[in-house]
Amino acid sequence: MHIDDAVFLEDLCPKFRFRQWRKSIHKFTGKSCIYCGKPSESIDHVLPRSQGGLSTTENCVPACLSCNGDKSDENALYWYRRQKFYDPRRAMAIRAWLEGDLRLAIRLLQWANPNFQVNKNKYKTDESSYKAA
Ligand SMILES: [Zn+2]
């Protein structure tokens, strides 16, 4: 039997796989918008589908509804540059994400946002040491 003949549960249930995938995208950023840091409620295609953008992890970032709607069919990096909440660290994170380097992207996002969920405890420690000083 060839491996191609194997039937995977995920192939039988594309909806299930899609849901899991969406969840995992939001998880990467601690459910925050990659552009502004607000809670992510949607998945944004960095290269819009209308321009041939694929629904792959590299092309899909967690975004809040206002960023997603505002950006619309524009190039994400050009659009982001014009925003009031523009942060060069986030821009670097978006670029790293597009290149498939999610680890680097997440690191940069943590750097840009000290309230990042994963970093919560570290942030608390930093805050108390700052107050003591
Ligand atoms: Zn946003």
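Out of everything in the range 61-73 that is open to solvent by 60 Å² or more (accessible area, probe 1.4 Å) and part of a helix (DSSP H, G or I), what residue ends up being nearest to the ligand (Cβ to nearest atom)?
SER66
I'd like the full set of residues that are loosely packed, with under 13 Cβ neighbours inside 10 Å and in a helix (DSSP H, G or I), limited to the range 74-102.
Within the range 74-102, LEU77, TYR78, ARG81, PRO88 qualify.
Among the residues of the range 25-32, are any away from the ligand (no atom under 14 Å from the Cβ), exposed (fewer than 15 other Cβ atoms within 10 Å of the Cβ) and assigned to a helix (DSSP H, G or I)?
Yes.
When you look at TYR35, is it touching a helix residue (DSSP H, G or I) at 6+ places or on another chain (Cβ under 7 Å), under 14 Å from ALA105 (Cα atoms) and open to solvent by less than 30 Å² (accessible area, probe 1.4 Å), yes or no?
For TYR35, the condition - touching a helix residue (DSSP H, G or I) at 6+ places or on another chain (Cβ under 7 Å), under 14 Å from ALA105 (Cα atoms) and open to solvent by less than 30 Å² (accessible area, probe 1.4 Å) - is met.
The values are calculated or read from the model by the stated rules, or taken from the named source; none is laboratory data. Just so it is clear, the structure is predicted and the values come from calculations on it, not from any experiment. Every residue, glycine among them, receives a Cβ derived from its backbone with ideal geometry; neighbour counts consider all protein chains shown. Heads up: the accessible areas ignore ligands, DNA and RNA and are worked out on the full protein's heavy atoms, side chains in. Shrake-Rupley method; radii C 1.70, N 1.55, O 1.52, S 1.80 Å.
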